[in-house]
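Colleague: Here's a structure for you.
The values are calculated or read from the model by the stated rules, or taken from the named source; none is laboratory data. Quick caveat: nothing in here was measured; it's all calculated off a predicted structure. As a convention, Cβ positions derive from the backbone with ideal geometry for all residues, glycine included, and neighbour counts pool all protein chains shown. Surface areas here come from the heavy atoms of the whole protein model, side chains and all, with no ligands, DNA or RNA. Shrake-Rupley method; radii C 1.70, N 1.55, O 1.52, S 1.80 Å.
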Amino acid sequence: MNVETAAVRATYRICEGGGDPGDARAAAIRAWRGSLGDDDLVLGARYDALCVHAPNGPALLRFVEHGDDGVVGFLAVAPRRMRAGGRELRAGVLSHLAIAPAHRSLGPALMLLDAVLAASAGRFDLVYGIPNANEGASAALRRAGMQPWTMLERRVRIVRHGPYLDRRAPRWLARPAGLALDALDATAGAWRFRRRPRLRGRWATRFEAAMDAPWAAAADHPAITAVRDETMLRWRFDAAVGNPVRYFLVTDEADAVRAWFACVVEPQWPHVLDVHDFWSLDGCGAIDRAALHLLMRAARRDGRAAVSLRAAIAREAAEPWCASGFRPRGGQQVFVRWLDSRLAASPPAAHLTYIDQDG
């Protein structure tokens with residue numbers, strides 16, 4: 001321990017918040033205020049989703065206190081059920097790290113990370129984190145002994161070309177050219193899938209029992225992926241704090257669900273349909289391109305200009321998205337600490353989406 005580290009640890013201390021639940025809730029809200037928002041009602045709802053209503057048990061909580069200022073930081077590890085190769089895994093995701101502005105330095109963040117990772121041993125098989133795209137957060141995770149695992153890549157597909165042409169051409173040309181490209185795109189898609197068994201698409205505002213079928217029928221796959229049963233989807237999406245989630249369901253002629261997409265439209269980006277998660281009968285493999293065609297058509301009909309996906313998926317799983325015109329637009333590094341010796345000896349690939357973020 002160097003002099004600087006010793007000084008930090010003398011000024012700050014880690015506490016578990018294991019006493020009065022109301023005290024822990026109030027301390028978390030205080031630590032988050034200004035970092036995760038300023039509305040205490042929303043922050044309280046986030047705490048309840050993380051610590052009260054979570055389906056996989058309570059999160060592991062740690063606070064950092066300053067000698068003069070009290071609680072100035074918070075970090076949790078939220079339990080997540082995952083599977084890989086037919087084996088169920090106890091995963092934990094680093095959640096809602098926040099340090100008060102006056103105390104933002106590597107020291108308090110590292111103290112929190114060291115504390116939660118030490119407490120995770122024996123409780124989880126792996127702990128992972130998806131930091132925001134800034135060097136400071138990634139550096140802290142590296143210093144804490146976490147290693148890069150995969151990239152959560154953002155891919156975007158334009159479905160209405162006019163708004164994008166507006167940036168590059170005169171308006172009198174952009175509008176008719178955009179409409180022509182839209183018509184050509186829609187016609188090409190319809191022609192490509194004209195001989196396929198008929199699939200239909202429809203929107204649902206809540207989880208439906210029929211959505212269980214793709215998860216139940218998907219074959220085991222060596223990649224690590226979240227359990228997507230009714231309990232998880234209702235908690236993660238139907239009861240989510242923030243923007244409402246809609247599901248786009250792809251069904252066959254018997255009205256059986258073959259694929260679904262959990263979608264959100266962010267107020268600051270109303271022209272983009274964000275796919276927060278998806279699943280199909282193909283599991284972690286290559287989704288049917290016909291399902292993607294229906295999704296893009298539905299987005300276009302809703303007036304969206306683009307469809308966006310954030311995912312860390314294998315080349316086989318990414319191929320249909322790429323072939324359907326989704327193009328890379330950056331990404332976030334995912335870090336991991338393997339706490340199970342078998343996983344550490346042979347780290348599995350990842351199949352992650354927004355569902356795996358801290359929420």
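Colleague: Do we have residue 311 as within 19 Å of residue 202 (Cα to Cα) and either in contact with a Leu (Cβ under 7 Å, 6 or more places away or on another chain) or open to solvent by less than 30 Å² (accessible area, probe 1.4 Å) (or both) here?
Modeller: Details: within 19 Å of residue 202 (Cα to Cα): no; either in contact with a Leu (Cβ under 7 Å, 6 or more places away or on another chain) or open to solvent by less than 30 Å² (accessible area, probe 1.4 Å) (or both): yes.
The answer is no for residue 311.
Colleague: When you look at residue 49, is it in contact with a Cys (Cβ under 8 Å, 6 or more places away or on another chain) and either touching a residue at least 24 places away in the same chain (Cβ under 8 Å) or open to solvent by 10 Å² or more (accessible area, probe 1.4 Å) (or both), yes or no?
Modeller: Working: in contact with a Cys (Cβ under 8 Å, 6 or more places away or on another chain): no; either touching a residue at least 24 places away in the same chain (Cβ under 8 Å) or open to solvent by 10 Å² or more (accessible area, probe 1.4 Å) (or both): yes.
When the stated conditions are applied, residue 49 does not pass them.
Colleague: So, one more: When you look at residue 236, is it under 20 Å from residue 351 (Cβ atoms), open to solvent by less than 10 Å² (accessible area, probe 1.4 Å) and not β-branched (Val, Ile, Thr), yes or no? Before you say what the answer is, go through the steps one by one.
Modeller: Values: under 20 Å from residue 351 (Cβ atoms): yes; open to solvent by less than 10 Å² (accessible area, probe 1.4 Å): no; not β-branched (Val, Ile, Thr): yes.
Considered against the rule, which asks whether it is under 20 Å from residue 351 (Cβ atoms), open to solvent by less than 10 Å² (accessible area, probe 1.4 Å) and not β-branched (Val, Ile, Thr), residue 236 comes out as no.
Colleague: Assess whether residue 185 counts as being under 28 Å from residue 160 (Cβ atoms) and open to solvent by less than 80 Å² (accessible area, probe 1.4 Å).
Modeller: Values: under 28 Å from residue 160 (Cβ atoms): yes; open to solvent by less than 80 Å² (accessible area, probe 1.4 Å): yes.
So residue 185 fits the description; yes.
Colleague: Can residue 98 be described as within 23 Å of residue 131 (Cβ to Cβ), assigned to a strand (DSSP E or B) and at pLDDT below 90? So that I can check it myself, show each step before the final result.
Modeller: Values: within 23 Å of residue 131 (Cβ to Cβ): yes; assigned to a strand (DSSP E or B): yes; at pLDDT below 90: yes.
Considered against the rule, which asks whether it is within 23 Å of residue 131 (Cβ to Cβ), assigned to a strand (DSSP E or B) and at pLDDT below 90, residue 98 comes out as yes.
Colleague: Being among the aliphatic types (A, V, I, L, M) and without any contact (Cβ under 8 Å) to a residue 60 or more places away in the chain is the filter; apply it to the stretch 191-210 and report the residue that is most open to solvent (accessible area, probe 1.4 Å). Walk me through it before giving the result.
Modeller: Quick first cut of the stretch 191-210, residues among the aliphatic types (A, V, I, L, M) only: 199, 204, 209-210.
Applying the additional criterion that residues be without any contact (Cβ under 8 Å) to a residue 60 or more places away in the chain yields 204, 209-210.
Working: 204: 5, 209: 79, 210: 44 Å².
Result: 209.
Colleague: Taking interchain pairs and intrachain pairs at least six residues apart, which have beta carbon atoms under 6 angstrom, with the first residue in the stretch 296-325 and within 30 Å of residue 348 (Cβ to Cβ) and touching a residue at least 24 places away in the same chain (Cβ under 8 Å) and the second open to solvent by 10 Å² or more (accessible area, probe 1.4 Å) and part of a helix (DSSP H, G or I)?
Modeller: 307/296; 310/354; 320/289; 324/289
Colleague: Also, I was wondering about something else. For the stretch 332-350, what are the residues that are touching a residue at least 12 places away in the same chain (Cβ under 8 Å) and either in contact with a Gly (Cβ under 9 Å, 6 or more places away or on another chain) or of a type in the set (D, E, K, R) (or both)?
Modeller: Here is the first cut: in the stretch 332-350, the residues touching a residue at least 12 places away in the same chain (Cβ under 8 Å) are 332-340, 343, 347-350.
Correct list: 334, 335, 336, 337, 339, 340, 348.
Colleague: Condition check: open to solvent by 10 Å² or more (accessible area, probe 1.4 Å), in a loop (DSSP other than H, G, I, E, B) and among the small types (Gly, Ala, Ser). Does residue 303 satisfy that? Don't jump to the end; show me each part of the working.
Modeller: Numbers: open to solvent by 10 Å² or more (accessible area, probe 1.4 Å): yes; in a loop (DSSP other than H, G, I, E, B): yes; among the small types (Gly, Ala, Ser): yes.
Against the criterion (open to solvent by 10 Å² or more (accessible area, probe 1.4 Å), in a loop (DSSP other than H, G, I, E, B) and among the small types (Gly, Ala, Ser)), residue 303 qualifies.
Colleague: Another question about this same structure. Applying the selection to the stretch 129-166, what residues are surrounded by fewer than 12 Cβ atoms within 10 Å (Cβ to Cβ), of a type outside the set (S, T, N, Q) and modelled with pLDDT of 75 or more?
Modeller: Listed by number, the list holds a single entry, 145.
Colleague: Give the number of residues within the stretch 239-248 that are closer than 19 Å to residue 311 by Cβ and either at pLDDT 95 or above or open to solvent by 60 Å² or more (accessible area, probe 1.4 Å) (or both).
Modeller: Matching residues across the stretch 239-248 total 4.
Colleague: Working only within the stretch 52-75, note down all residues that are surrounded by 15 or more Cβ atoms within 10 Å (Cβ to Cβ) and of a type in the set (Val, Ile, Thr).
Modeller: Residues satisfying the conditions are 64, 71, 72.
Colleague: Does residue 217 satisfy the criteria of being without any contact (Cβ under 8 Å) to a residue 24 or more places away in the chain and open to solvent by 40 Å² or more (accessible area, probe 1.4 Å)? Walk me through it before giving the result.
Modeller: Details: without any contact (Cβ under 8 Å) to a residue 24 or more places away in the chain: no; open to solvent by 40 Å² or more (accessible area, probe 1.4 Å): yes.
Against the criterion (without any contact (Cβ under 8 Å) to a residue 24 or more places away in the chain and open to solvent by 40 Å² or more (accessible area, probe 1.4 Å)), residue 217 does not qualify.
Colleague: Looking only at the stretch 45-57, which residues are under 15 Å from residue 127 (Cα atoms) and modelled with pLDDT under 90? Let's see the steps before the verdict.
Modeller: To start, the set of residues in the stretch 45-57 that are under 15 Å from residue 127 (Cα atoms) comprises 56.
Result: no residue meets the conditions.
Colleague: Test residue 42 against the criterion of being under 20 Å from residue 236 (Cα atoms) and at pLDDT 90 or above, and give yes or no.
Modeller: On the way: under 20 Å from residue 236 (Cα atoms): yes; at pLDDT 90 or above: yes.
So residue 42 fits the description; yes.
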